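**Q** Structure in structure tokens, see below.
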Amino acid sequence: MLTVGTARFPPLRNRDGMAVLNQRNDNRIQRLRQALDEKGLDGLLVSQPENRRYLSGFDGSAGFLLITAKDTILATDFRYTERARGQAPDYEVVQIKADMAEWLPELATGLGLRTLGFEAEDITFATYRKLTGILDKAADGLKLSATDGLVESLRAVKEPAELELIVQASEITDCAFEYIQDRIKVGDRESELAWELEKFMRQQSGEGLAFEVMIAAGPNAALPHFNPSLRAINNGEPVVIDIGARQGGYCSDLSRTIWVGAADEKLKKVYDIVLGAQLTALAIIKEGMTGGEADGLARAVIEEAGYDGAFGHGLGHGVGLAAHELPRLGPRSTDRLVDGMVFTVEPGVYLSGWGGVRIEDVAVMESGKPRVITKARKVYHDR
């Protein structure tokens with residue numbers, strides 16, 4: 001039995017009885033430990049699922065990492081201990097049963113921790129209040145300290161193996177778009193097309209979708225995020241398609257706006273404005289810019305064309321283990337864009353009662369400028 005403080009946890013070892021060095025995870029942990037030292041923290045409790053996977057390789061839906069200057073512990077329940085053994089061989093895996101407030105104080109104090117960081121965006125206030133109530137009564141003086149973005153900032157710059165998985169996911173997404181655009185016709189329902197896309201992507205990748213398929217036609221296209229309905233597609237109206245596949249845990253994200261039949265002059269005009277805004281941003285974004293500066297490049301094109309206020313979301317977001325992560329590209333973003341970051345560039349124009357146009361690609365910063373990863377065609381013609 002593993003004894004930590006007064007708590008006793010059943011030990012779970014690797015099948016060969018030895019710790020297996022995982023160089024990738026070890027490098028990530030060392031960078032995290034440096035960040036903890038700079039913030040004066042003895043350790044960090046990692047609860048956010050993508051952060052947990054990034055640091056350990058464990059992809060179970062329940063569990064916590066406790067990382068200190070010397071320890072790497074993965075705490076999970078009986079359902080996932082076997083998986084944890086195989087996926088996180090460089091971690092000491094402990095089996096837990098009760099909720100966090102019942103086991104964390106003993107585990108942390110048993111390691112001699114005085115200040116423990118936690119992920120403020122993931123731990124609920126109710127859990128925090130319960131934990132602090134227990135710790136306030138303890139004589140050991142363990143204190144909790146809220147952290148924001150410690151692991152997420154590490155995830156923002158991708159390693160070559162991560163980029164390769166994003167490229168693979170993007171290839172699936174590209175193929176899915178080409179598949180559906182050759183089959184879409186007047187009278188098709190949004191929900192029927194969404195199901196066709198989902199089936200196609202699941203057949204191409206066992207991991208399936210990065211997020212729910214979005215197909216929004218006509219006035220529904222004025223809603224940047226929309227759940228497909230039973231509405232049928234009409235001739236010549238905008239149809240916004242937003243899809244993303246997942247490969248090896250990593251996501252892709254692609255938006256295209258198409259139409260069936262002949263588009264009117266308004267749709268062609270708005271489409272050209274949005275495409276021009278995206279191409280302008282991709283041509284001018286460079287390393288060292290903030291997300292706010294990058295956003296301004298596309299926003300200026302849209303506003304100068306007379307659609308001030310019709311582009312209501314940010315230009316983009318990071319893509320990786322999560323479909324939306326750092327960096328942020330929006331009017332108020334101070335995130336600095338550096339080589340290795342992967343993000344979307346997705347300007348749009350949305351007009352209530354009429355519809356909308358969005359064009360989105362995933363790009364990686366390389367040699368100081370963005371290189372587009374997604375390849376699905378975006379110069380669309382009447383058909």
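**Q** Does any residue in segment 214-226 that is touching a residue at least 40 places away in the same chain (Cβ under 8 Å) come within less than 6 Å, Cβ to Cβ, of a residue that is assigned to a helix (DSSP H, G or I) six or more places away or on a different chain, and which pairs are these?
**A** What qualifies is ALA217/GLU190.
**Q** Please find, within segment 192-204, the residue that is surrounded by the fewest Cβ atoms within 10 Å (Cβ to Cβ) out of those that are touching a strand residue (DSSP E or B) at 6+ places or on another chain (Cβ under 8 Å) and more than 14 Å from ALA169 (Cβ to Cβ).
**A** GLU198
**Q** What number of residues within segment 50-87 are of a type in the set (Phe, Trp, Tyr) and assigned to a strand (DSSP E or B)?
**A** Total meeting the criteria: 1.
**Q** What's the number of the only condition in (1) touching a residue at least 12 places away in the same chain (Cβ under 8 Å); (2) in a loop (DSSP other than H, G, I, E, B); (3) surrounded by fewer than 23 Cβ atoms within 10 Å (Cβ to Cβ); (4) in contact with an Asp or Glu (Cβ under 9 Å, 6 or more places away or on another chain) that PHE311 fails to meet?
**A** Checking PHE311 against (1) touching a residue at least 12 places away in the same chain (Cβ under 8 Å); (2) in a loop (DSSP other than H, G, I, E, B); (3) surrounded by fewer than 23 Cβ atoms within 10 Å (Cβ to Cβ); (4) in contact with an Asp or Glu (Cβ under 9 Å, 6 or more places away or on another chain), the one that fails is (3).
**Q** Tell me the residue from GLU237, GLU207 that is buried (at least 20 other Cβ atoms within 10 Å of the Cβ), in the same structural domain as GLU293 (by TED's automatic domain parsing) and not in a helix (DSSP H, G or I), please.
**A** GLU237
**Q** What's the number of the only condition in (1) buried (at least 18 other Cβ atoms within 10 Å of the Cβ); (2) more than 17 Å from VAL46 (Cα to Cα); (3) touching a helix residue (DSSP H, G or I) at 6+ places or on another chain (Cβ under 8 Å) that THR76 fails to meet?
**A** (2)
**Q** Examine segment 328-339 for a residue that is within 24 Å of GLU207 (Cα to Cα) and surrounded by fewer than 21 Cβ atoms within 10 Å (Cβ to Cβ), and state whether such a residue exists.
**A** Checking segment 328-339: not a single residue is within 24 Å of GLU207 (Cα to Cα) and surrounded by fewer than 21 Cβ atoms within 10 Å (Cβ to Cβ).
**Q** Can ARG299 be described as assigned to a helix (DSSP H, G or I), under 23 Å from VAL372 (Cβ atoms) and of a type in the set (Lys, Arg)?
**A** yes
**Q** Moving on. Inside segment 108-151, can you point out the residues that are of a type in the set (Gly, Ala, Ser), part of a strand (DSSP E or B) and within 20 Å of VAL94 (Cβ to Cβ)?
**A** Once the filter is applied, which keeps residues that are of a type in the set (Gly, Ala, Ser), part of a strand (DSSP E or B) and within 20 Å of VAL94 (Cβ to Cβ), segment 108-151 yields only GLY117.
**Q** Exactly one condition in (1) at pLDDT 95 or above; (2) surrounded by fewer than 19 Cβ atoms within 10 Å (Cβ to Cβ) is false for ILE215; which is it?
**A** It is condition (2) that ILE215 fails.
**Q** Continuing with this model, one more query. For residues that are among the small types (Gly, Ala, Ser) and surrounded by fewer than 18 Cβ atoms within 10 Å (Cβ to Cβ), scanning just segment 79-110, find the one that is farthest from VAL151 (Cα to Cα).
**A** Ranking the candidates gives ALA98 first.
The values are calculated or read from the model by the stated rules, or taken from the named source; none is laboratory data. Treat the numbers as computed from the prediction; the structure is a model and nothing was measured. Note that we place each Cβ from the backbone using ideal geometry, even for glycine, and neighbour counts take in every protein chain shown.
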